[in-house]
Amino acid sequence: MTGISAQMKSEAMEMHGHSPGVVLRSLVIGLTAFLTVVDLFATQAILPSLTRHYNVTPAAMGFAVNASTMGMAVAGLVVGFLSPHIDRRFGILLSLILVAIPTTLLASAPDLTVFTILRIAQGLCMASAFALTLAYLGEQCNQMDAGGAFAAYITGNVASNLIGRLVSAAMVDTLGLASNFYFFALLNLAGAVLVYFTIHRVKPMHAMPAARLPFAATIGHWRNPALRSAFVIGFCILFAFIGTFTFVNFVLVRAPLSLGRMDLGLVYFVFAPSVVTTLFAGKAVARFGTRPAIWGALAVAALGLPLMLSSHLLAVLAGMVLVGIGTFFAQACATGFVGQAASDNRGIASGTYLACYFLGGLVGSAVLGQLFDRFGWTACVAGVGASLAIAALLTARLTLTRSGGFPA
């Protein structure tokens, strides 16, 4: 199979984005993203089953499942710092092979503590592959075709939220909890095989000068008001997403909705529209600008919150659709802005953004879990709304000091 790197170089000369080569490249990039992060949220579809298995509260199980975001936050920073010295192909390949180990061990985790540690290990490996792939795409794409490449990657991420949950629910419903984790370990290894045959070895960070030491570069990014705001917006986005799609599972399985385990998996077709809409994030920013695009996305997500308080299933599902569309769209826009606003050391800027993004997921699962346990679903939804409001306020600060296209 022709490598992604060779395809990108040849496709940079094309003016139309619908040639067979571009379509093949987008499919490969999307599938790579899917197999990289498919473990991240798939486990949320079986949260009620895991809660019964370990005999713990929804908040405790929600925190354990989302502990992978802790590993992803740490890995995002570390990979950002070391990115100039890491061979992209080898790093992605090794990360996908290693993530299969904790995924397999989750099948026999004896208690919640071990389960949590293994989820953190999963996050470390997933984020390493995720960050290195983003860096690879940024280096191998020029301004013209970068939008399609990043959109394909984020769309693969969105698809993993849908298909991963469906597969997880189906596996647990038919073969049990242990078989679910064995199957996902095989998917991780399939991702490694795909990377082996499609990504060519390239010099790390060849397109970017190593201007400053990593720590100094990180401080410089935090001193940039626009980047600082983008980092916190990323935090708020996953805070809201985690709060919604972790604890809504418990609402769906109890009265009056009372869904079964397989029905709970099918519910996650609510992510299907997001797979389509996220592809248009780049075009929306190019036409309307970053701030209007993010404001519009956050408004869509906010419109879904009151619907999820309904006792009618269709209304709850509609609310989930809107939150999914809004948060994924905002994430795509914010990711692109970071790459655009960082004048140098973009690998460190992207790593810092990812660290903040995933840290928001961890804090969201802890804070909103306590709200859910102590005060109920309405309080949890109110917390999600507050997070979206903060993100909307900070979006006003997303201004560029230089001109440039939208890279993501």
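Coordinate-derived values only; no laboratory data. Since we're looking at a predicted model, the values are computed, not measured.
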#### Entry: Isotropically averaged projected area of region 250-293, using the convex hull of Cα atoms (one quarter of hull area), nm²
4.4 nm²
### Task
Scale the Cα Rg of region 219-281 by the rule-of-thumb value 2.2 N^0.38 Å and send over the ratio, two decimals.
1.62
### Summary
Over its alpha-carbon atoms, region 286-347 yields an Rg and a Dmax in Å of 14.9, 50
### Query
In nm, what is the difference between 0.36 nm times the number of residues separating Ala386 and Ala60 and their Cα-Cα distance?
115.1 nm
